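Participant: Below is one structure. I have some questions about it.
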Amino acid sequence: MTTHLLVATTLDEALAAMANGARPIAGGTDLVVGARVGKAPLPTELVAIDRLDELDIVGMVPGGSDDPTPLLFVGAMVSHATIMNHPLLAASYSGLADASALVGSPSTRNVGTIGGNVMNASPAMDTGAPLLAMGAMAVLQSVSGSRTVPLAELWTGPGTTSAGPDELCVAILIPRRMGEEGSAYVRLEYRRAMEIAVVGAGAAVTLNDDGTVAKAAVALTAVGPTILALTGLEELLIGTPLDDLSLSAVAMLASEQASPISDLRASDKYRRHTVGVMAKRALEAAGRRAAGETIAIPVNRAEGIGAARNAAAQNGAAK
Amino acid sequence: MTTTEIPRFVRADGPDKVTGSGRYTADLTLTGMLAAKFKYSGISHGRITRLDVTAAREMAGVLAVLTDADVPDVHYDPQIKDRTLFARDIVRFEGEIVAAVAALTPEIAEAAVAAIIVEYEELTPILDPEAAMDKSSPLVHEDWESYEAGSWLVRSGNTASFSSLERGDVDAGLAEADQIISSRYVADGSHAAPIEPRAVVAQWEGNKVTIWTSTQVPFDARAGVCETLQLPTNRVRVIVPHLGGGFGGKCGFHFEAHVAALARTAGRPVRLVFSREEEFTIPDRRREGIVVELTTGVRKDGSITARKANVVIDCGAYIADTAFFPQLAAMHAVGPYLVPNLMVESQIVYTNHQPSGSVRAPTAPQVCWALESHIDEVAKAINMDPVKFRLKNAVDTGMVGPLGQTYEEIGLRRCIQQATEAAGYGQELPENEAIGVAIGWWPSFASASGSYVKLDDDGAGQIITGAQECGTGAVMTLRQLAADELGMKPEDFEIIYQDTATGPYDMGATGSQTLLNNGRAVVEASQQIAEQLRELAADRLEAAPADIVLADGKAQVAGSPESAVPLSKLAAIAGSGKLLLGHGSGSPPVAPPIVGANCVGDQGMASWVGPQFSCHAVRLRLDPETGVTRVISVHADHDSGTIINPMGAHGQVEGAIIMGIGQALTEGTRYDETGKQMNTSLLEYKLQTAADSPSIHTQFVEVFTENAGPHGAKGLAEAPNIATAAAVANGLAKLIGSPMRQLPMTAERVWDTISEGGS
Ligand SMILES: Cc1cc2nc3c(=O)[nH]c(=O)nc-3n(C[C@H](O)[C@H](O)[C@H](O)COP(=O)(O)OP(=O)(O)OC[C@H]3O[C@@H](n4cnc5c(N)ncnc54)[C@H](O)[C@@H]3O)c2cc1C
């Protein structure tokens, strides 16, 4: 049970509290709900970071000395509702917006944050796959300094990260998406709200002028101990168009590399199959976006995913 | 129909509920109140070898710890007395209550529960109802023969209740067929899942106890308390604050006696509030799992020659209110079809699962799903369109039904025609879309029921009724009936209800019966007042009472509206003399006789008062790569007799359809190999959400039936929950090419079926 709760008004205050053993609480939608269902008791010391306005910012920042490409800065306290409705994110970092738009319900999205989603490190988290596909990094800060960690190195297992107990995630950085880049996230869901990804996939694609693939990355949700980056994509895709053939090859690759478990939501066999389907759908949507097509956020709804594809538009009348 | 076309009828309890000013049982706080917690068996089957509550009793802050030794030696349950309040010797499911604690706080109560020592000799759980029917199977109740039980019940070993329906010669009928189609369907159990988990508060004053409880059936709850604690009915008062949904799950007597017993021992009021997990696992109100085997003989011209069926229902550990389920399920294995020769055997069988009980249209959605899937198979076998097949074989006005009941005016065929036409059945659809069609039927339940109506001296009305609300709005509609009789407005009446000490008996919010039975009582009570008002008005207007019309809040002479007197004036006169008091109950309608059929284990379910009919046409879209199904629209046509409150009626159909889609696709209880439930949270037990809801188009086929409720109204709360899952199944079967054999038809099961190339 929590005996001390500090509502931090400055970042330094929050970092000091963490140095003294306090756990941060952002929206509390994982931490508090998890405690109520008996996952883990509430920490004895908590520091609330929801009043730190400097963590609730979205904007571009200059790149570092080794790579001068500007970076997108998404403060840790930015909510899923902000992300899904943010014009810049929706237009150029659509995969992240797709993911945030699927989280829980309107109230979960209003309160839940990107920092909480990333640091909670659930292999079923929705923002993880698109962030990993886009090469995102976490900025971790403590009283003794700040460092930037690629997400692939941040997540170490279900619910665990390489961040120290005194390190606060202050932001997520995403390398700037060039004009030709598109991204998307799709997930398999049995219902359209209050759902947890059965499996999911995020993709980021850059196309050459001739429409063939210049660069592509795919990451998978809920098929391993952490979000899983697909390897060996380059050999399959670079220089080829995103057609049925290449997409099916990616689906097979995703099914092969997945190491899903069986649980109440699905068997390992079903997850292995469907994660391939999600991977190819995410990649296809990312490719279409890269080619300039507008697909509404989230792809799941625009494409009627969760039932047959491309039919939603024809049946606009059906709720 | 859009909502703007539906006459508005605002519920009297609506503002309280949506603004949060309404109070539910868990909101009640009484001075000195303690918290209750139960110690559960946690295993599905075992013999208690040691039970020691000493440590728990000695804990600071613990005021009462009760076990079987501390309450009267009583076996209860309505039709088979197979149960005691606390486990005695044997535990038969994971939620068996071994002990109960009342303590100063929930935390202390929980610690005390943990301090109770129970040791078991574990017994093999009996989990498969079909295997449990075997003579060699171990028994869930070794002493079943010694239990007091209704003499009409056919029981044997684990088979708690058996029924058969027989007509004609089924073998001869099958011999006449051009084709014989056999199929087997298995439906998993599911849950009512009301949004409010159960709560009970009990407080004694002297030798009388008041119990506030989230029940749909306050009089049943009272009867259970009286039976188990051996008290006369006039010393037990059951009050239901606002009820947060029930769907049948809160029918029956549950934990009221445990909490009352704790409060008596502790000498303080006690409150029990269930967690969501307890709400899923503890009450004896799971929707039953059912295995249905069907064989139909059919001629090339589409006429059915015979039906043979076997239905096996998973009872779980105790009978609760399910003894009549076999016959009801058997009726659904026949369906509203002309079947000249039939033999249906149906049984409910004890297992070590959580006990089953009435959930919205018990047995019907599952058996209808099986039958209607089978009917589509039959139609396909003879190359006939399944809707045409239904129109050919469905019962209709003036016909003799499969159990020999002759139907007055009924609207089933019109339901089929209208729903399929409105849904665009037969039109070209986009790829991966289909329309599935299914029909259903359901009885209206006649029962004793009472109400008082009074007008006070200012002319304001009160309805004091035993009726109970569970979200249907049926109680609210009583105001409309009283208003119609007295020429007043519904808003002129307040309702005093949900309290066994003020209202006369009513069966409760169960069996879709409120309007049917209590409506009759309110009409009768109102008519008595109307009579009084006419006499009073006749005196003043110098006319015969028979010529007085009550309308617009006035009593007036027929044909001369200028000769009128306001009802408030008449009420004021009555207020200083003979008061305006009415009381009604009336005689329940009687089901017509059945002719030419034979029922073993008859539960009175083979002939129906006010039979209701429905047809649902569901348009859906399948994602063949994942098996995920989305319902796009549902066209629902219902014959539930006269519709008295259209707004409430549409609400019932819409809610039931969404519940039906959940049963079809995403709900369903999952057990581990020891019979314990695994999906006991709302994350893993997937109800449909608002975001999943399809567009729903409801039409009522209103045909007047004498043998029903007030103004020809039949029930409505359960009927719309019956055909949806079946219609979803038939749509899916078209897209997959073969029927789904298991309910729910989850995405993974659909994908499995597609991958196997059909079943
Ligand atoms: C009903 C419901 C539905 C949900 N649906 C989804 C869904 O569809 N998809 C999905 O991905 N998730 C879902 N979630 C989970 C949750 O809402 C998200 O993960 C959300 O983003 C968590 O953010 P939060 O701010 O609430 O985190 P919190 O609960 O406040 O924190 C989560 C964890 O991260 C730590 N933490 C938080 N912020 C920081 C920080 N800045 N630095 C370091 N550590 C930090 C906390 O100490 C805690 O351990 C759902 C939750 C609920 C209750």
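Participant: Less than 17 Å apart at the alpha-carbon level, and either on another chain or at least 8 residues along: which lysines does that give for B:LYS676?
Facilitator: B:LYS676 reaches B:LYS39.
Participant: If you don't mind, there's one more thing I want to ask. Using only Cα atoms, what Kirkwood radius does the stretch B:447-584 have, in angstroms?
Facilitator: It works out to 15.0 Å.
Participant: In chain B, once you exclude exposed trypsin sites (Lys or Arg not before Pro) (DSSP loop, at most 10 other Cβ within 10 angstrom), what's the longest stretch remaining?
Facilitator: B:136-759
Participant: Report the Stokes-Einstein translational diffusion coefficient (µm² s⁻¹, integer) for the protein assembly as shown, Rh taken as the Kirkwood radius over Cα pairs, at 20 °C with viscosity 1.002 mPa s.
Facilitator: Numbers: Rh = 31.7 Å.
Answer, rounded: 68 µm²/s.
Participant: Computed on alpha carbon atoms, what radius of gyration and Dmax characterise chain B, expressed in Å?
Facilitator: According to the Cα coordinates of chain B, Rg and Dmax are 26.8, 84 Å.
Participant: Determine the total buried accessible area between chain B and chain A, counting protein heavy atoms only with a 1.4 Å probe; round to the nearest 100 Å².
Facilitator: About 2700 Å² of accessible surface is lost on pairing.
Participant: Report the Cys residues of the protein assembly as shown lacking a disulfide-compatible partner, meaning no second Cys Cβ under 4.7 Å from their Cβ.
Facilitator: Among the cysteines of the protein assembly as shown, those whose Cβ sits 4.7 Å or more from every other are A:CYS169, B:CYS226, B:CYS251, B:CYS315, B:CYS368, B:CYS470, B:CYS599.
Participant: Give me the one-decimal nm value for the distance between modelled label points at B:THR689 and B:ALA69, 7 Å along each residue's Cα-to-Cβ direction.
Facilitator: Label at B:THR689, label at B:ALA69, 5.0 nm between them.
Participant: Work out the charge dipole of the stretch B:588-699 with +1 on the Cβ of Lys and Arg and -1 on the Cβ of Asp and Glu about the Cα centre, then indicate which of B:ASN598, B:ILE644, B:VAL618 is farthest towards its positive end.
Facilitator: Of the listed residues, the answer is B:ILE644.
Participant: Counting Lys +1, Arg +1, Asp -1, Glu -1, what net charge surrounds B:PRO545 among other residues with beta carbon under 14 Å of its beta carbon?
Facilitator: For residues surrounding B:PRO545, the net value is -3.
Participant: Treating only the Cβ atoms of Lys and Arg (+1) and Asp and Glu (-1) as charged, compute the dipole magnitude of the protein assembly as shown about its Cα centre; round to the nearest 20 debye.
Facilitator: 440
Participant: Where the centre of each part is set by its Cα atoms, how far does the stretch B:266-312 sit from the stretch B:18-37, in angstrom?
Facilitator: Their Cα centres are 32 Å away from one another.
Participant: Now a separate question. Too long at a 29 Å Cα-Cα cut-off: which of B:LYS81/B:LYS135; B:LYS250/B:LYS714; A:LYS280/B:LYS686; B:LYS135/B:LYS686; B:LYS37/B:LYS81?
Facilitator: Where the Cα-Cα span goes over 29 Å, the pairs concerned are B:LYS135/B:LYS686.
Participant: Right, something else. Using a probe radius of 1.4 Å on heavy atoms only, what accessible surface per residue do you get for the stretch B:604-697? Whole Å² is fine. Write out the running numbers ahead of the final one.
Facilitator: Working: 2210 Å² over 94 residues.
Per residue, the stretch B:604-697 has 23 Å² of solvent-accessible surface.
Participant: Under DSSP H, which helices of chain A have Cα atoms covering 15 Å or more of the helix axis and a Kyte-Doolittle average no less than 0.0? Mind showing how you got there, number by number?
Facilitator: Working: long enough: A:244-257 (20 Å, 0.71); A:268-290 (32 Å, -0.88).
Result, helices passing both filters: A:244-257.
Participant: Rounded to the nearest 5, what % of the DSSP beta bridges within the protein assembly as shown are antiparallel ones?
Facilitator: Antiparallel bridges: around 80 percent, rounded to the nearest 5.
Participant: Give the shape of the stretch A:181-308 as rounded, prolate or oblate, defined through the alpha-carbon gyration tensor: a ≥ b ≥ c are the square roots of its eigenvalues, a/c under 1.5 means rounded, and otherwise the shape is prolate if a/b is larger than b/c and oblate if not.
Facilitator: Oblate, because a/c is 1.5 or more while a/b does not exceed b/c.
Participant: Over the residues of the stretch B:233-286, compute the C-alpha Rg and express it relative to 2.2 N^0.38 Å.
Facilitator: Values: Rg = 12.6 Å, N = 54, 2.2 N^0.38 = 10.0 Å.
Ratio of Cα Rg to 2.2 N^0.38 Å: 1.26.
Participant: Show me the helices of chain B, taken as full DSSP H stretches, that run 27 Å or more along their long axis by Cα and average -0.5 or above in Kyte-Doolittle hydropathy.
Facilitator: Membrane-span-like by this rule: B:519-541, B:646-665.
Participant: Exactly which GluC sites (Glu not before Pro) in the stretch B:470-552 are in a DSSP loop and have at most 15 other Cβ atoms within 10 Å? Walk me through the intermediate numbers first.
Facilitator: On the way: sites: B:GLU485, B:GLU491, B:GLU494, B:GLU524, B:GLU531, B:GLU535, B:GLU542; in loops: B:GLU542.
Those that pass, being in a loop and sparsely packed, are B:GLU542.
Participant: On the protein heavy atoms, probe 1.4 angstrom, tell me the percent of accessible surface of the stretch A:1-92 carried by carbon and sulfur.
Facilitator: On the way: 2880 of 5090 Å².
Roughly 57 percent of what the probe reaches on the stretch A:1-92 is carbon or sulfur.
Participant: Provide the per residue accessible area, probe 1.4 Å, for the stretch A:56-160, rounded to a whole number of square angstrom.
Facilitator: Numbers: 3810 Å² over 105 residues.
With all protein chains present, the stretch A:56-160 gives 36 Å² per residue.
Participant: Same structure, new question: When Lys and Arg each count +1 and Asp and Glu each count -1, what net charge do the other residues less than 15 Å away from B:PRO710, Cβ to Cβ, add up to?
Facilitator: Values: positive: B:ARG479, B:ARG520, B:LYS714; negative: B:ASP484, B:GLU485, B:ASP506, B:GLU524, B:GLU702, B:GLU706.
Net local charge, B:PRO710 excluded: -3.
Participant: Calculate the mean, over all residues of peptide B:680-693, of how many other protein chain Cβ atoms lie within 10 angstrom of the residue's Cβ.
Facilitator: 4
Participant: Any chance you could check the stretch B:609-632 for residues losing 10 Å² or more of accessible area when the partner protein chains are in, compared with the chain on its own (1.4 Å probe)?
Facilitator: B:ARG619, B:ARG621, B:ASP623, B:GLU625, B:THR626, B:VAL628, B:ARG630, B:ILE632
Participant: Summarise the accessible area of the stretch B:529-648 (1.4 Å probe, protein heavy atoms) by the percent that is carbon and sulfur.
Facilitator: Carbon and sulfur together cover 54 percent of it.
Participant: Would you calculate a helix-derived [θ] at 222 nm for the protein assembly as shown, using -39,500 (n - 2.57) for each DSSP H run of n ≥ 4 and dividing by the full residue count, to the nearest 500?
Facilitator: -8000 deg cm²/dmol, from helical runs alone.
The values are calculated or read from the model by the stated rules, or taken from the named source; none is laboratory data. Bear in mind the structure is a predicted one, so any value in this text is a computation, not a measurement. Neighbour counts are summed over all protein chains in view; Cβ atoms, including those assigned to glycine, are modelled from backbone coordinates with ideal geometry. We work out accessible area using only protein heavy atoms, side chains counted, and drop any ligands, DNA or RNA first. Shrake-Rupley method; radii C 1.70, N 1.55, O 1.52, S 1.80 Å.
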